Structure formats: C-alpha cells, structure tokens
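Worksheet: the structure to be examined is printed underneath.
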Amino acid sequence: MLDSKTLAGDFARHVAGCPSGIIACTVGVAVESWFHLELAHLLLPSGQFESVQLGFDYPGTRQKADLALTTSQDLVVLEFKCFVKGADSNKIQSWPTQLHRLAHLVEKGDAEQGVALSTFYGYPNDRVTAFARRFHPSSWTHYGPLKFHQSAPLQLVVAIVGHHDGEPVA
C-alpha cells in the first residue's frame, strides 16, 4: 500500500523531473488535471498496481474522485486539490467534505486506502502546516509541506487514511 512520506517524495521528484514541472510549480494556477496525469504516469509503472483509472464514481452517489488504483484484491482512491492563495474560499470549504467522503469509503470497506494530495501556492509554510492539521484529523497520516522545486513556491501535502492487515495505517 501507499505511504504518505514515500508518495510525497516520489511525486515531488517526478514533477521536478518533468520538462513542464517548473512551470506548473511557479505559476499561480490550479493545474489539477496535469497533476492527475503525472500521478497516474508515476504510479502505474511502479508494478504495485494493475490499473490506474482517471475518475472514480463513489458508489451510490453522483460524486467522483480523481483517480483509482487497483490490485487483484484492493482499491486505492485518490483525491487531489490545488490551492492558490486569494482564489480558494470555495475550495477551503469543500475540501473537508471530499476528504470525509473519501474516509467514509475506506471505513465502509469499499477501498483499502484513501489518498489526498493537495498543493498550495502563495501560502507561507506555517499556514500550509495549519491547513494540513485542520484537513487531516488523527485517523489520517500526512506528510508535508514539501516543495517540488527549491526555487518554486508550490508546496505539496500527501495524506492517507486506510487499513493494512486490519489496522489503521500509521
């Protein structure tokens, strides 16, 4: 299964190595779809997952998650949110609802893990840390903030809620 620190480091290195990565990390625009593609590109060849699906329908709802990863026995569902200072009031309010829906999917046993990736542009490090604590209660493990490029302002937080061998992921 995925680990928040490992995934954060791997994804940051992957983005930093992309030709367009420095641009995505230095402009104050939400480029969620680009991140979805790069995350799928990183995870599928890892051999840990049989498939990566862009978009996932939450059972019994009209809501969608961003990505789903499958193995022969497990499902990992991912949500992604890009925050840009000054343009985030709706996202800051709606993100906790998305995270709750993701955690509920795991609690019901419909997924082995829920993974939340968020990027923050234009926020000081202490504000990003406060957001991470606020968005991810004790049932979540999180890592970050982590910069993709030392010379770029974009920061990443990766959080995971889930079970492994019947125990919460630590």
Of (1) part of a helix (DSSP H, G or I); (2) modelled with pLDDT under 95, S138 satisfies every one except (1)
Residue pairs qualifying under the 7 Å Cβ cut-off, at least six apart or on distinct chains, with the first in segment 48-77 being of a type in the set (F, W, Y) and the second being in a loop (DSSP other than H, G, I, E, B), are F49/T71
Note on segment 32-74: residues under 22 Å from L99 (Cβ atoms), part of a strand (DSSP E or B) and more than 15 Å from the chain's Cα centre (by Cα) are D57, T70
Pairs returned, first residue in segment 80-107 that is assigned to a strand (DSSP E or B) and of a type in the set (S, T, Y), second residue that is modelled with pLDDT of 95 or more and surrounded by 18 or more Cβ atoms within 10 Å (Cβ to Cβ), beta-carbon separation under 8 angstrom, 6 or more apart or interchain, are none
message = modelled with pLDDT under 95, among the polar types (S, T, N, Q) and not in a helix (DSSP H, G or I): is that true of S151 in this structure?
response = yes
Filtering segment 85-120 for residues that are out of contact with any helix residue (DSSP H, G or I) (no Cβ under 8 Å at 6 or more places or on another chain), surrounded by 14 or more Cβ atoms within 10 Å (Cβ to Cβ) and of a type in the set (D, E, K, R) leaves a count of 5
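The values are calculated or read from the model by the stated rules, or taken from the named source; none is laboratory data. Everything quoted here is computed from the prediction, not taken from an experiment. Neighbour counts run over all protein chains shown; Cβ positions are idealised from the backbone, glycine included.
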